Amino acid sequence: MTDTVSIRDLRVSTVIGVYDWEREIEQALIFSVDMSADVAKAAARDDITDTLDYSAVAQAIKTVVIEGRFQLIETAAERVAERLIADYGVDWVRVEVVKPIPSEGYTAAIAIERPVRRAKLV
Ligand SMILES: Nc1nc2c(c(=O)[nH]1)N=C([C@H](O)[C@@H](O)CO)CN2
């Protein structure tokens, strides 16, 4: 299946970071997520119960990240991927996490795919 449902630029304010000062404040993480889904079936019936409800997924991402209070953005991405696979029947997901670090003058980012999508050999 090549259809995807996506969320772009979901901003979550949370405790994130490895340094002591970061455990005392909230910082922004920005999530973009692509999930495999059967879009055609939902479109044929025009029924949200046949597709991934992206508003429910966005809320799930916020809950995982806010409750997690992770140190690493890698952990945030991995836990989000695990939750979407476990609770939403997603068989492929790509999660990008962006962490703006204005005090250092750059933005950090990572992206993961679970499971990894492999190119088809023909
Ligand atoms: N690969 C990573 N490197 C670093 C992370 C991280 O989450 N993954 N985090 C930090 C600090 O928390 C940094 O963001 C504070 O500015 C450093 N390196």
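Surface calculation, 1.4 Å probe, protein heavy atoms: residue 52 sits at approximately 20 Å² accessible.
For segment 23-47, the residues whose amide N sits under 19 Å from a probe point set 7 Å from the Cα of residue 91 along the beta carbon direction are 34-43. With the convex hull of its Cα atoms as the shape, the chain has an orientation-averaged projected area of 8.9 nm². Of the solvent-accessible surface of the chain, computed with a 1.4 Å probe over protein heavy atoms with every protein chain present, carbon and sulfur atoms account for 50 percent. Note on residue 41: lysines with a C-alpha under 28 Å away, same-chain residues under 8 apart excluded, are 62, 120.
Compared with the dominant Cα axis of the chain, that is its longest principal axis, helix 73-88 is turned about 30°.
Counting other Cβ atoms within 10 Å of each Cβ, which chymotrypsin sites (Phe, Trp or Tyr not before Pro) in segment 1-97 have at most 14 and sit in a DSSP loop?
Numbers: sites: 19, 21, 31, 54, 70, 88, 92; in loops: 19, 70, 92.
In loop regions of segment 1-97 (DSSP not H, G, I, E or B), the sparsely surrounded chymotrypsin sites (Phe, Trp or Tyr not before Pro) are 19.
Loop sites by DSSP among the GluC sites (Glu not before Pro) of the chain, restricted to those with at most 15 other Cβ atoms within 10 angstrom, leave 27-103 as the longest stretch without any of them.
Surface exposure of the chain, expressed per residue as accessible area with a 1.4 Å probe, stands at 62 Å². Using +1 at the Cβ of each Lys and Arg and -1 at the Cβ of each Asp and Glu in the chain, identify which of 103, 81, 57 lies farthest towards the dipole's positive end. Going by the Cα projections, it comes out as 81.
The values are calculated or read from the model by the stated rules, or taken from the named source; none is laboratory data. These figures come from a predicted structure and were not determined experimentally. Please note: Cβ atoms are built from the backbone with ideal geometry, for glycine as well, and neighbour counts cover all protein chains shown. We work out accessible area using only protein heavy atoms, side chains counted, and drop any ligands, DNA or RNA first. Shrake-Rupley method; radii C 1.70, N 1.55, O 1.52, S 1.80 Å.
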